[in-house]
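Enquirer: Before anything else, here's the structure in question.
The values are calculated or read from the model by the stated rules, or taken from the named source; none is laboratory data. Values in this document were obtained by computation on a predicted structure and should not be read as measured data. Virtual Cβ from ideal backbone geometry, glycine too; neighbours counted across all protein chains shown. When the accessible area is computed, the model is the full protein with side chains, heavy atoms only, and any ligands, DNA or RNA have been set aside. Shrake-Rupley method; radii C 1.70, N 1.55, O 1.52, S 1.80 Å.
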Amino acid sequence: MTPVTEQTLALKLTDRINRIEPSATLAVVNEAERLRQQGIDVVDFGAGEPHFATPQHIKEAAIAAIQGNFTKYTAVGGTAELRDAIVHRHAVDFDSDYRREEATACVGGKHAIFNAIQVLVDRGDEVILPVPYWVSFKDIVRYAGGECVLLESDESQGFRVTARMIDRLITSRTRLIILNSPCNPSGAVMAPNDMTEVVRFAHERGIWVMSDECYVYLNYTDKRFSVGSLRDLRERMIIVGSLSKTYAMTGWRLGYALAPAPVTTAMQKLQSQSTSNPTSIVQKAAVAALKGPQQCVADMRAEYIRLRDHVINGLRSIPNVKCTLPQGAFYAYPNVSAFLGRGGINSASDLAGRLLREAHVATVPGEGFGTRDHIRVSYATSTPELDRGLERLRRFLASL
Ligand SMILES: Cc1ncc(COP(=O)(O)O)c(C=O)c1O
């Protein structure tokens, strides 16, 4: 009998599963975990998640949901209570006017993105994706049969994206433009007027815009902005949000989409044939998060700003490391091109790999985000941990 190897198995799997790669970020998390299990003390700058615990009042709502036996199936796209809470929070914070029928709760923001792309992108459609991009966009588009058209942005301009830059990439096959502000991995924040211009431009041409606003509450400029405030331009707009980063709830898996009702209905149809509703207990916790006190969000944001300033000062003090100032999210995206070609290191992946194995600092190489000269450093950790990691990074780079 022929032994089952990964190769023979791959031949038997579908074309669409063979088109995509596992998430680069999760690969680092796994490798760091493997080292930790060997007893190695790894400083983790790899994970894309808050280091804070979920706020107490949110946890208590989940416990109450269990005790109250709120443990059955719910409507596929979430309870009316939750969808109203999503719409309410967005209206209060961003001056949007969505209706319950336009909101869907999903199993994390990633799930909302997956479903939205599955219902909008067909084989051969083009999707404009600014670089650097969050790892999963590209593979989710490919899974749907679409093709990503990459929009290179200029690091010296803070990775700025404008409508004019997008204009050059439009073809008759352009179906969707993806925006992600604040951006994972660069921390870049699009100016509200740039976002408005892109949305207006897409609206005029009948092209969809998906605005991934999972970090919208972690915007460190004084201009927090959601495209949802552009009420008259939302005919072809999908907003993706998530409780993961805003309320330190990554493991709970609750995200949402705000979109025109026909798209919402189609997303729920797909969801009805896959996950069904997000966990009922988590939905109760989400209502508590969205309708309860918001001070926790402001407190975490203030702490991220402090950590950002600390890590950026540290990175910029390392000879030959350059780093733009992230305006949001919790990642620094230092340019390490000065070290490529030294000590047998020829790519950001080589560098991140050696950094993890030799200096025991986990970072994510830029290739997964579409750039070759960077590594992503997550600063969602404590100051002492940041200092330990920065010192190891400094020593490692000096040794090259
Ligand atoms: C840009 C971006 N979008 C979406 C997500 C998905 O987050 P979740 O599925 O936890 O809501 C992430 C998570 O890292 C992200 O960085």
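Enquirer: Tell me, what is the percent relative contact order of the stretch 169-218, built from C-alpha pairs under 8 Å that lie six or more residues apart?
Expert: In percent, rounded to a whole number, it is 52.
Enquirer: With a 1.4 Å probe and all protein chains left in place, how much accessible area per residue does the chain have, in Å²?
Expert: 43 Å²
Enquirer: Can you pull the semi-axes for the stretch 326-400, root of five times each eigenvalue of the Cα gyration tensor, sorted largest first, whole Å?
Expert: On the way: eigenvalues 72, 51, 18 Å².
Equivalent-ellipsoid dimensions as semi-axes: 19, 16, 9 Å.
Enquirer: Of the chymotrypsin sites (Phe, Trp or Tyr not before Pro) in the stretch 40-74, which ones lie in a loop per DSSP and count no more than 12 other C-beta atoms within 10 Å? Mind showing how you got there, number by number?
Expert: Values: sites: PHE45, PHE52, PHE70, TYR73; in loops: PHE45, PHE52, PHE70, TYR73.
Loop-located and lightly packed - TYR73.
Enquirer: Taking only the alpha-carbon atoms of the stretch 155-220, what semi-axes of the equivalent ellipsoid follow from 5 times the gyration tensor eigenvalues under a square root, in whole Å, largest first?
Expert: 21, 13, 10
Enquirer: Just want to confirm a number: the relative contact order over the chain, from Cα pairs under 8 angstrom separated by 6+ residues, in percent.
Expert: 23 percent
Enquirer: Looking at the chain, do any whole DSSP H helices span at least 27 angstrom along their long axis by alpha carbon and average -0.5 or above on Kyte-Doolittle, and which? The partial results should precede the final answer.
Expert: Details: long enough: 295-316 (32 Å, -0.34).
Taking the DSSP H segments of the chain (at least 27 Å long, mean hydropathy at least -0.5), we get 295-316.
Enquirer: Please give every one of the lysines within straight-line cross-link reach of LYS59, meaning a C-alpha to C-alpha distance under 16 Å, and leave out same-chain neighbours fewer than 8 residues apart.
Expert: The qualifying lysines are LYS245, LYS284, LYS291.
Enquirer: Follow-up question, since we're still on this one. Roll a 1.4 angstrom probe over the protein heavy atoms and tell me the percent of accessible area of the stretch 38-91 that is carbon or sulfur.
Expert: The computed percentage sits at 55.
Enquirer: For the stretch 126-245, what does the alpha-carbon gyration tensor say about shape, rounded, prolate or oblate, given a ≥ b ≥ c as the root eigenvalues, a/c under 1.5 as rounded, and a/b over b/c as prolate?
Expert: It comes out rounded by the Cα gyration axes.
Enquirer: Below 8 Å, C-alpha to C-alpha, sequence gap of six or more: please give me the relative contact order for the stretch 241-293 in percent.
Expert: Value for the stretch 241-293: 31 percent.
Enquirer: From the C-alpha coordinates alone, can you work out the Kirkwood hydrodynamic radius of the chain, in Å?
Expert: Every distinct Cα pair counted, the radius reaches 21.9 Å.
Enquirer: Something else now. Note down, for the stretch 272-400, the three equivalent ellipsoid semi-axes (square root of 5 times each alpha carbon gyration tensor eigenvalue), biggest first, whole angstrom. Provide the component values of the computation, followed by the final result.
Expert: Values: eigenvalues 234, 76, 30 Å².
Computed over the stretch 272-400, the values are 34, 19, 12 Å.
Enquirer: Another one. Cα-Cα pairs above 18 Å in the stretch 1-144: how many percent?
Expert: 76 percent
Enquirer: Something else about it: Using only C-alpha positions, report the orientation-averaged shadow area of the convex hull of the stretch 71-137, nm², one decimal.
Expert: 6.6 nm²
Enquirer: Would you mind telling me the share, in percent, of accessible area of the stretch 184-240 contributed by carbon and sulfur at probe 1.4 angstrom?
Expert: 42 percent
Enquirer: If I compute solvent accessible area with a 1.4 Å probe over the protein chains, what percent of it on the stretch 273-400 is carbon and sulfur?
Expert: Carbon plus sulfur share of accessible area: 49 percent.
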